[in-house]
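Working notes for the structure below.
The values are calculated or read from the model by the stated rules, or taken from the named source; none is laboratory data. Note that the structure is a prediction, hence the values are computed from the model and not measured. Cβ: placed from backbone, ideal geometry, glycine included. Neighbour counts: every protein chain shown. Side chains included, ligands, DNA and RNA excluded: accessible areas come from the protein's heavy atoms. Shrake-Rupley method; radii C 1.70, N 1.55, O 1.52, S 1.80 Å.
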Amino acid sequence: AQTVTQSQPEMSVQEAETVTLSCTYDTSENNYYLFWYKQPPSRQMILVIRQEAYKQQNATENRFSVNFQKAAKSFSLKISDSQLGDTAMYFCAFYNFNKFYFGSGTKLNVKP
Amino acid sequence: GAVVSQHPSWVICKSGTSVKIECRSLDFQATTMFWYRQFPKQSLMLMATSNEGSKATYEQGVEKDKFLINHASLTLSTLTVTSAHPEDSSFYICSTPGYTDTQYFGPGTRLTVL
């Protein structure tokens, strides 16, 4: 079975600074997808970024980028120029064979 | 991306009653819908996978007679919590996979059983 681990239950960052959220996963599969989702207080799940395991290039979406280390099974999210609106729960997710596996989440607080 | 709606957004019911939650794919034909529940400050736990026109597949530990799932059309899946009890109080979320395997989530339904 696939497992996803987020070892940082809560993190804080000052507005405009950079923060990195960690995620590791365990799988014996070679082809899969990895995601970061954001869940603000409204609790709507919002896609932040997506990575395909067969692509070596790290995905980027504006201020959000990932450091994907396939051999180490690591998938961290870097948020640059943090904004107050980035305050939310962040979930790392593994997807394979039509199933999603979520990490326990990291609560990010962006301070003014 | 796909737009997914859920109704109701919140519901309060008495213990022993049944509650139906609807999940609609508004601009996408959803052959598959996933149902999750999320307790406060916890992650999403997959309850079941529903496929249009066939029986749902339930995760281990989820009572299929208690959580009835129907996926009668490509745009609608329903979750009925039968004989609800206070321990069923939770946040229920549906999602559907889009073209690139990205999951598109509904806004969720908060169920409170008194």
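State the percentage of accessible surface on chain B attributable to carbon and sulfur atoms; use a 1.4 Å probe and exclude ligands, DNA and RNA. Heavy-atom surface of chain B belonging to carbon and sulfur, 1.4 Å probe: 53 percent. Rounded, prolate or oblate, given the Cα gyration tensor of segment B:75-114, with a/c below 1.5 counting as rounded? Since a/c reaches 1.5 and a/b is larger than b/c, the shape of segment B:75-114 is classed as prolate.
Dipole magnitude for chain A: about 180 debye, using +1 per Lys or Arg Cβ and -1 per Asp or Glu Cβ, origin at the Cα centre. Over the protein assembly as shown, accessible surface divided per residue gives 49 Å², non-protein components excluded, 1.4 Å probe.
The mean number of Cβ atoms from other chains found within 10 Å of a Cβ in peptide A:99-109 is 3, as a whole number. Segment B:48-114 has equivalent-ellipsoid semi-axes of 22, 15, 11 Å, by the square roots of 5 times the alpha carbon gyration tensor eigenvalues, sorted largest first.
Principal axis analysis of the Cα atoms in segment A:1-53 yields extents of 38, 22, 18 Å, listed in decreasing size.
Amide H to amide H distances under 5 Å link A:Tyr32 with A:Ala53, A:Tyr54, where only residues 5 or more positions off or on other chains count and H is placed in the peptide plane. The phi-based Karplus calculation (6.51 cos²θ - 1.76 cosθ + 1.60; θ = phi - 60°) puts the 3J(HN,Hα) values of segment B:4-13 at 10, 10, 10, 9, x, 7, 8, 8, 10, 9 Hz, whole numbers, x for Gly and Pro. Two numbers describe the Cα atoms of chain A: Rg and Dmax, which are 13.4, 42 Å. Loop-located GluC sites (Glu not before Pro) in segment A:1-86 (DSSP state other than H, G, I, E, B) with a sparse environment of at most 14 neighbouring Cβ atoms within 10 Å: A:Glu15, A:Glu17, A:Glu29.
Using only side-chain charges placed at the Cβ, +1 for Lys and Arg and -1 for Asp and Glu, the dipole size of chain B relative to its Cα centre rounds to 260 debye. Across segment A:98-105, rounded Karplus estimates of 3J(HN,Hα) from the backbone phi angles (6.51 cos²θ - 1.76 cosθ + 1.60, θ = phi - 60°) give 6, 9, 9, 10, 9, x, 7, x Hz, Gly and Pro being marked x.
Our summary gives chain B a relative contact order of 37 percent, counting only alpha carbon pairs under 8 angstrom and 6 or more residues apart. Take chain B, mark every one of the trypsin sites (Lys or Arg not before Pro) that falls in a DSSP loop and has at most 15 other Cβ within 10 Å, then report the longest stretch left between them, sites excluded. The longest uninterrupted stretch comes out as B:67-114.
Beyond 20 Å, the tail of the calculated P(r) for segment A:28-89 holds 30 percent of the Cα pairs.
Taking one quarter of the surface of the convex hull spanned by the alpha-carbon atoms of segment B:1-60 gives a direction-averaged projected area of 5.8 nm².
Using every pair of distinct Cα positions in the protein assembly as shown, the Kirkwood expression returns a hydrodynamic radius of 18.2 angstrom. What residue among B:Phe39, B:Phe67, B:Phe91 has the largest mean-square fluctuation in a Gaussian network model of chain B, using Cα springs under 10 Å? Greatest mean-square fluctuation among the candidates belongs to B:Phe39. Surface burial for A against B, with a 1.4 Å probe and both sides summed, reaches about 1600 Å² of accessible area. The tail of the calculated P(r) for chain B beyond 19 Å holds 40 percent of all Cα-Cα pairs.
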